[in-house]
Amino acid sequence: MRADMDALPMTEMTGLPYASKTPGKMHACGHDGHTSMLLGAARYLAETRNFAGTAVVIFQPAEEGGAGAQAMVKDGLITRFGIDEVYGMHNFPGLPVGEFAIRPGPIMASADHIAIELEGKGGHAARPHFSIDPVLVGAQIVNQLQSIVARNVDPLESAVVSICVFHAGNADNVIPQTAQLRGTARSLTPEVRDLLEKRIPEIVDGTAKLYGAKATVKYRRGYPVLVNHAAQTDFAAQVAGAIAGQDKVDIDMAPVMGAEDFSFMLNARPGAFIFVGNGDSAGLHHPAYDFNDEVIPVGTSYWVKLVETALAG
């Protein structure tokens, strides 16, 4: 059983008495709640011992971009502790408290990193015809990259290309020499992932050349697609149903394009990742997000029931 426990580089804006006291650090994804639920389950299981076998509790750092799960797998987590199956859980804002959602197969996207360096020709803002404006080139690249999803990816497949960082210039009357763009590419299948990796550099390079600029593209693969195993997904759904009622478990939720490094653990062993409702809260990674403490007994009960059912003596 795995819980993540890292925070995000954000400043909390909830105004709550228990808000983060560290500026620029916030539990904006509920990982503190995930850790609390698994700690509660670990304490109960240790006290009752109502199971036959070994239950492993995994408290994982660095999920938020640091690939902590990959590092733990490489460090021998699976073999050292004799793990046969692995399960994860994440809170889900918008899903009512006491409800669960899951699906077999791809449930969360891969997340790859895009870094683009543009070089034009700087100059005076009043004489743009003597310059090659990297801001204009970058703007065109941002637009053109959307054509991949619109015109290259099968409409029945899923993909996201988002440029989220655009740095260029520092004066309002100077056309800069360079620009830097950063973003992410996400997909739910290996084929679409390969397509994104191929088309993004082609479009960036072609667009830059069209305007006389130079471009360097670095495409780095990050978290793989999170794929739930069929048998373990069915088992997790049954356990959730025993806790919440079968009518409170969505077994065919739509995949989400967020990413999770729990995918590395599921690539190493069969298992399943389930969502538990956080109620009507602000979204994940939002400065007003607050983990709903009413979820704690729900999630803790799920973990306990999972172990006692899987390892019934």
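The values are calculated or read from the model by the stated rules, or taken from the named source; none is laboratory data. What you see is a predicted model; the values in this text were computed from it and never measured. Ideal geometry is used to build each Cβ from the backbone, glycine not excepted, and the neighbour counts take in all protein chains shown. The area values use the complete protein model at the heavy-atom level, side chains included, leaving out ligands, DNA and RNA. Shrake-Rupley method; radii C 1.70, N 1.55, O 1.52, S 1.80 Å.
May I ask you to work out the translational diffusion coefficient for segment 1-59 at 10 °C, viscosity 1.306 mPa s, via Stokes-Einstein with Rh from the Kirkwood sum over Cα pairs, reported in whole µm²/s? Before the final figure, lay out the partial values.
On the way: Rh = 13.2 Å.
D = 121 µm²/s.
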- [ ] Express the accessible area of the chain per residue in Å², computed with a 1.4 Å probe while the remaining protein chains stay in the model.
- [x] 48
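Quick one: with all protein chains in place, what share of the accessible area of segment 112-271 is carbon or sulfur, to the nearest percent (1.4 Å probe)? All intermediate terms of the calculation are to be shown ahead of the outcome.
Numbers: 4340 of 8230 Å².
Solvent-exposed carbon and sulfur of segment 112-271 make up 53 percent of the total.
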TODO: Give the long-range amide H neighbours of ALA282: residues separated by 5 or more places, or on another chain, with amide H under 5 Å away, using H modelled in the peptide plane at 1.01 Å from N.
DONE: ASP290
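Cα-Cα pairs above 23 Å in the chain: how many percent? Each step should come with its number before you reach the end.
On the way: 30542 of 48828 pairs.
Cα-Cα pairs of the chain separated by over 23 Å account for 63 percent.
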Task: Distribution of pairwise C-alpha distances over segment 149-303, 10 Å bins, in % - done: 8, 26, 29, 20, 11, 5, 1
- [ ] Over the chain, calculate the relative contact order: mean separation of alpha carbon pairs under 8 Å at least 6 apart, over the residue count, as a percent.
- [x] 31
TODO: For segment 75-185, build the convex hull from the C-alpha positions and give me its volume per residue in Å³.
DONE: 215
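What size of dipole, in debye to the nearest 20, comes out for segment 129-284 about its Cα centre when the only charges are +1 on Lys and Arg C-beta atoms and -1 on Asp and Glu C-beta atoms? Could you put the intermediate results ahead of the total?
Numbers: 13 positive and 16 negative charges, 130 e Å.
Dipole of segment 129-284, to the nearest 20 debye: 620 debye.
Counting pairs on different chains as well as pairs 8 or more places apart, how many Lys pairs in the chain have Cα atoms under 23 Å apart? Before the final figure, lay out the partial values.
Values: LYS121/LYS209; LYS121/LYS214; LYS121/LYS218; LYS198/LYS209; LYS198/LYS214; LYS198/LYS218; LYS209/LYS218; LYS248/LYS305.
Here the count comes out as 8.
Equivalent ellipsoid semi-axes for segment 1-134, as square roots of 5 times the alpha carbon gyration tensor eigenvalues: give them largest first, rounded to whole Å. All intermediate terms of the calculation are to be shown ahead of the outcome.
Numbers: eigenvalues 365, 91, 46 Å².
For segment 1-134, the ellipsoid semi-axes come out as 43, 21, 15 Å.
Could you give the size of the charge dipole of the chain about its Cα centre, using +1 on the Cβ of each K and R and -1 on the Cβ of each D and E, expressed in debye and rounded to the nearest 20? Kindly include the intermediate steps, with their values, before the conclusion.
Details: 24 positive and 34 negative charges, 185 e Å.
The dipole magnitude comes to about 880 debye.
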